[in-house]
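Student: The structure that follows is given in the form of structure tokens.
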Amino acid sequence: MKFIPFLILSLFVIIPAFAIPLSDRTGLKNKFDIDVGNNTYVIETVANFDIQNVKFDNDTLVFQISSGLQNNLVELQIPQNITKGEVHLFLDKQKIAPKILTNQKISFVTLEFEGNGTHTLEVKSDFTLTEEPKIIPNESPDMLTILAIAAIGVAAGGVMLYKRKSKIIP
């Protein structure tokens, strides 16, 4: 009779010994606020390693990574306002091909790579932010241009009136 509880207890102890290590596939979720122009965007990450720093520099997202595992996995959720266009990833200056899914709001990047230690992951896209033209206050408009536009308008109005009067008189 004591054998049955021992058998049930041994199943819980022996079976997990053959499973994949949990630490290789569990991830830490982080959110990073990135300032781009006058806006702040949130980059969400889930990774089985430590992302120490994220910055936006010269239209490139730069992730500083520290990993103690050989097999690394990361999922990135990047707003489309930063990554419109085709996205390119570089790990330690070498181009890599991750799985990328996009919709109108985000680019969702899944990347697996090998190697423990410190790494730099760069995310670049074809999209560049353009600044809106600045209006300089107290700058007087070009008077010659205004007068030319007014003269063309008056002349066009005069021609139209002349054509109307010409049609009325046989």
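Student: Tell me which residues, restricted to region 55-90, are outside any strand (DSSP E or B) and aliphatic (A, V, I, L, M).
Tutor: At the first step, the residues of region 55-90 found to be outside any strand (DSSP E or B) are 58-59, 68-70, 80-86.
Within region 55-90, 69, 82 meet the criteria.
Student: Which one of the conditions (1) exposed (fewer than 13 other Cβ atoms within 10 Å of the Cβ); (2) without any contact (Cβ under 8 Å) to a residue 40 or more places away in the chain does residue 45 fail to meet, given that it meets all the rest?
Tutor: (1)
Student: Could you count how many residues in region 100-128 are under 23 Å from residue 52 (Cα atoms), assigned to a strand (DSSP E or B) and not aliphatic (A, V, I, L, M)?
Tutor: Result for region 100-128: 13.
Student: Against the condition β-branched (Val, Ile, Thr) and surrounded by fewer than 17 Cβ atoms within 10 Å (Cβ to Cβ), how does residue 62 come out, does it pass?
Tutor: Details: β-branched (Val, Ile, Thr): yes; surrounded by fewer than 17 Cβ atoms within 10 Å (Cβ to Cβ): yes.
It is true that residue 62 is β-branched (Val, Ile, Thr) and surrounded by fewer than 17 Cβ atoms within 10 Å (Cβ to Cβ).
Student: Moving on to the next point. From 113, 127, which residue is at pLDDT 75 or above and of a type in the set (Phe, Trp, Tyr)? Can you show your working first?
Tutor: Numbers: 127 fails: at pLDDT 75 or above.
Answer to the selection: 113.
Student: Another question about this same structure. What are the pairs, 6+ residues apart or on separate chains, where a residue within region 56-71 that is under 12 Å from residue 123 (Cα atoms) and at pLDDT below 85 has its Cβ under 8 Å from a residue that is buried (at least 16 other Cβ atoms within 10 Å of the Cβ) and charged (D, E, K, R)?
Tutor: 59/124
Student: For residues that are without any contact (Cβ under 8 Å) to a residue 12 or more places away in the chain and either closer than 20 Å to residue 31 by Cβ or crowded, with 17+ Cβ neighbours inside 10 Å (or both), tally how many sit in region 72-102. If you could, list the steps in order and put the result at the bottom.
Tutor: So the first thing to find is which residues in region 72-102 are without any contact (Cβ under 8 Å) to a residue 12 or more places away in the chain, and the list is 94-95, 97, 101.
If we keep only those that are either closer than 20 Å to residue 31 by Cβ or crowded, with 17+ Cβ neighbours inside 10 Å (or both) as well, we get 101.
Selection size over region 72-102: 1.
The values are calculated or read from the model by the stated rules, or taken from the named source; none is laboratory data. All figures in this text were calculated on a predicted structure; none of them were measured in a lab. Positions of Cβ are backbone-derived with ideal geometry, glycine not excepted, and every protein chain shown enters the neighbour counts.
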